[in-house]
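The block underneath contains the structure these notes are about, expressed in structure tokens.
The values are calculated or read from the model by the stated rules, or taken from the named source; none is laboratory data. Bear in mind the structure is a predicted one, so any value in this text is a computation, not a measurement. Neighbour counts run over all protein chains shown; Cβ positions are idealised from the backbone, glycine included. To get the accessible areas, we keep the full protein, side chains included, count just its heavy atoms, and leave off ligands, DNA and RNA. Shrake-Rupley method; radii C 1.70, N 1.55, O 1.52, S 1.80 Å.
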Amino acid sequence: MTNRDYANRKPRSTSKNRHAKASRPAKRSPAGTNGKRPSFLLIFFAVILIGLFGYFLNFLKSSGDSAATPATEAPVKAVKPAPKPDPNALPPKPKEEWSYQKELENKQVVVDVPEESKPSRPYQMQCGSFRSESQANEMKAVIAFQGLEAQVRKTEGSKGVWYKVVLGPYERKRMAERQRHKLQSGGLNGCQIWLWEGN
């Protein structure tokens, strides 16, 4: 038995394949060439037409430039550009339209200031009143820690003996109020401002 080579074997042409080849249309060449290459004369004329067209465009360009700058016209002198204004520069000083400033230079203004009415008696500030002198001295020490100087005064009344812790005297009530605020910031409240009774 012989070995057949199916891989390199050419297919047999059958009647079906013959009919299929006959029915295929023939390949056509591109339109207008009729299967021939363009002639040498056609290429030559195309190159000449392109060259003439380029020459015509160059001619138009050169004639336009000469018309824009005629030879008889005088040369234009170079003009220096104006300097640009500084954006940070101050505007010019405006002109004065009023004259009242000059008129008021030599005039005087008189103002009535009322004199401060001084109280007949100065003020004092009382921060406590105690039955025992030791309690009054303790409050005096607390006030001394605030940087102020207090006094303990013994008074006798219808209800017995009292020891008052007072500060002052102050010529103005505002001075007493200032020290009272200082004591309040230190935690000592209840101080009262009175007119000085004197002793």
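Stretch R174-L57 to full length: gain in nm at 0.36 nm per residue minus the Cα-Cα span?
Numbers: separation 117, 0.36 × 117 = 42.12 nm, distance 10.19 nm.
So the chain would gain 31.9 nm between R174 and L57.
Rank these by accessible area, largest first, 1.4 Å probe: M139, M125.
Largest accessible area first, the list is M139, M125.
Under the 0.36 nm per residue contour assumption, what length would be gained going from the current alpha-carbon distance of I43 and E133 to full extension?
Length difference between fully extended and current span is 18.7 nm.
May I ask you to list the chymotrypsin sites (Phe, Trp or Tyr not before Pro) in the range 96-199 that are in a DSSP loop and have at most 11 other Cβ atoms within 10 Å of their Cβ?
Answer in residue order: W98.
What are the residues whose amide H is under 5 Å from the amide H of W196, where those residues sit 5 or more places off or on another chain and H is modelled from the backbone?
Y123, Q124
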